[in-house]
Amino acid sequence: MTDVLVYDSSMIKIDRYYEKNLVDLVAEVMSKFNSQIKPDAIILANAYSETTVNQVLLASKISSMLGFSGFTTRIENGDASGGAAIETAYYMIKSGLVKSVLLIGVEKMGDFPTSYLNEITAENLDEKFGYREGLTLQLFAALQMKQYMKTYGVDYDYFTQWPLAMHKYGSENPFAYLKFQVDKKTIEESQIISEPLRLFDTSPRADGAAAVLLTNEEFKPEIKVKITGVSSAVSEFTTLSMPAVRQAYSQFSEYKADFMEIHDSYSINAALILEEIGFEKGKSLNMLDSIQVNYSGGLKSRGYPGGATGIYQLAESFMQLAGSFPGKRAQGEKGVIISTDDLGTSAYVIGLKRC
């Protein structure tokens with residue numbers, strides 16, 4: 001059976017690149033890419049270009065800039081676009097119809113004030129009962145957080161553990177947007193976004209670009225890292241669970257990954273995702289010292305580049321397994337990525353192993 005290998009990866013620091021457009025960001029990340037392999041296909045992960053930069057046909061424009069004229073497409077599935085792109089590339093190579101796929105994730109979200117970004121990201125919500133009513137994603141996260149606190153008898157102090165850990169890890173990651181540590185008092189006294197959700201429970205949206213080359217086994221990478229499997233699922237929004245994550249992860253229940261990169265758009269998301277994959281409900285954030293999770297700093301500290309997030313997660317996980325990640329290093333030979341949208345209603349799980 002055809003193996004799908006991660007051949008190489010590249011990414012740029014997540015930041016605000018006011019002077020650069022999306023094509024410029026891809027050009028920068030590809031200038032750092034070492035592989036000379038010409039891919040059979042290019043898949044672009046991007047969620048918001050129609051609104052943020054008034055651009056469609058983006059995949060074709062990027063491929064043209066790269067001098068590529070073959071199969072090109074863009075995947076849009078909100079902030080889970082990266083996970084969807086990885087799954088698509090995986091099955092393309094597994095089918096045997098292509099031997100290599102270049103995955104590119106790019107997003108520009110740093111040029112706008114928060115009020116306008118909230119309008120853009122609210123497009124993830126149901127049109128009639130969410131977006132048109134003026135609701136935002138943060139309100140739904142606050143609802144989850146409040147219900148969690150009531151159900152499990154925890155106070156806000158419980159959630160401070162997540163940003164504390166993420167900023168600690170992010171301070172070691174040169175690609176991180178918020179590359180600094182914080183203390184508990186700073187978190188507890190940060191701005192209230194929607195009670196009980198505070199500023200440090202949210203992840204900063206910014207600009208970023210990452211690229212990963214996937215190939216079949218005919219290519220001989222210096223370090224062999226294999227994608228062992230992918231799985232996906234969708235569900236309705238719920239306050240105390242993420243059924244899509246649970247269903248997608250069920251195929252990996254016996255996988256026993258050594259480390260993971262999860263989609264922590266909010267502190268509550270991190271808790272719910274960890275609990276959907278087997279950690280004790282109401283106590284998952286108490287276990288962070290014993291879990292190798294989001295050593296990149298996660299969305300919380302590394303930054304949140306919209307639809308490019310899953311490609312960053314794949315690049316970071318590959319670098320961990322290749323022993324080249326420039327931040328905090330994870331131990332072990334197996335990793336797992338959980339890529340979701342902002343509220344966890346669309347989930348993609350990707351397993352990786354160093355062979």
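The values are calculated or read from the model by the stated rules, or taken from the named source; none is laboratory data. Remember, predicted model here, so these are calculated numbers, not experimental data. Cβ sites come from the backbone with ideal geometry, for glycine too, and all protein chains shown count toward neighbours. Heavy atoms of the whole protein, side chains included, go into the accessibility calculation; ligands, DNA and RNA do not. Shrake-Rupley method; radii C 1.70, N 1.55, O 1.52, S 1.80 Å.
Take the Cα of residue 250, step 7 Å toward its Cβ, do the same at residue 71, and the gap between the two points is 3.0 nm. Sketch the reach of a paramagnetic label on residue 331 as a point 7 Å from Cα along Cα-to-Cβ, and name the residues of segment 238-277 whose backbone nitrogen lies under 19 Å away. The answer is 256-261.
With Cα atoms as the point set, the radius of gyration and Dmax of segment 118-216 evaluate to 16.5, 50 Å. For residue 355 and residue 37, the difference between the fully extended length at 0.36 nm per residue and the C-alpha to C-alpha distance is 112.4 nm. For a paramagnetic label modelled on residue 97 (point 7 Å from Cα along Cα→Cβ), amide N atoms under 17 Å away belong, within segment 56-83, to 70-75. Compute the helix-to-body angle for 81-95: its Cα long axis versus the longest principal axis of the chain, expressed 0 to 90° and rounded to tens. Its long axis makes an angle of about 40 degrees.
The residues of the chain have, on average, 39 Å² of accessible surface per residue, using a 1.4 Å probe with all protein chains present.
To the nearest 20 debye, what charge dipole does segment 3-91 have about its Cα centre, counting +1 at the Cβ of each Lys and Arg and -1 at the Cβ of each Asp and Glu?
Dipole size: approximately 240 debye.
With +1 assigned to the C-beta of every Lys and Arg and -1 to the C-beta of every Asp and Glu, and no other charges, what is the dipole magnitude of segment 1-155 about the Cα centre in debye, to the nearest 20?
Values: 14 positive and 19 negative charges, 52 e Å.
The dipole magnitude comes to about 260 debye.
For segment 177-187, 3J(HN,Hα) computed residue by residue from phi via the Karplus equation (6.51, -1.76, 1.60; θ = phi - 60°) reads 7, 9, 8, 8, 8, 10, 10, 4, 4, 4, 5 Hz, glycine and proline entered as x. Subtracting the Cα-Cα distance of residue 114 and residue 199 from 0.36 nm times their residue separation leaves 29.4 nm of extension gain.
Taking 8 Å as the Cα distance limit and 6 or more residues as the minimum spacing, I'd like the relative contact order of the chain as a percentage. Could the numbers behind the result be given before it?
Details: 832 pairs, mean separation 99.3, N = 355.
Relative contact order for the chain comes out at 28 percent.
Most simply put, the chain has about 70% antiparallel DSSP beta bridges, counting only bridges with both residues inside it. Just the number, please: carbon plus sulfur as a percent of the accessible area of the chain, 1.4 Å probe, no ligands or DNA/RNA counted. Within the chain, the accessible surface is 48 percent carbon and sulfur.
Which FRET efficiency value, to the nearest 0.05, do you get for residue 16 and residue 183 by plugging their Cβ-Cβ distance into 1/(1 + (r/R0)^6) with R0 = 25 Å?
Working: r = 25 Å, r/R0 = 1.01.
That pair, residue 16 with residue 183, gives E of 0.50.
With respect to the cross-link table entries 94/353; 38/334; 38/61; 150/300; 38/353; 61/108, which display a Cα-Cα separation exceeding 19 Å? Exceeds cut-off: 38/334; 150/300; 38/353. Volume per residue for segment 220-261 equals 111 cubic angstrom (convex hull of Cα atoms).
Which whole-number percent gives the relative contact order of segment 203-342, counting Cα pairs below 8 Å spaced six or more residues apart?
The value is 37 percent.
Look at the alpha carbon pairs under 8 Å that are at least 6 residues apart: their mean separation over the length of segment 147-258 gives a relative contact order of 17 percent.
Note on the chain: Cα-only Rg and Dmax are 18.9, 57 Å.
Taking Cα atoms only, the orientation of helix 22-31 departs from the longest principal axis of the chain by about 60 degrees.
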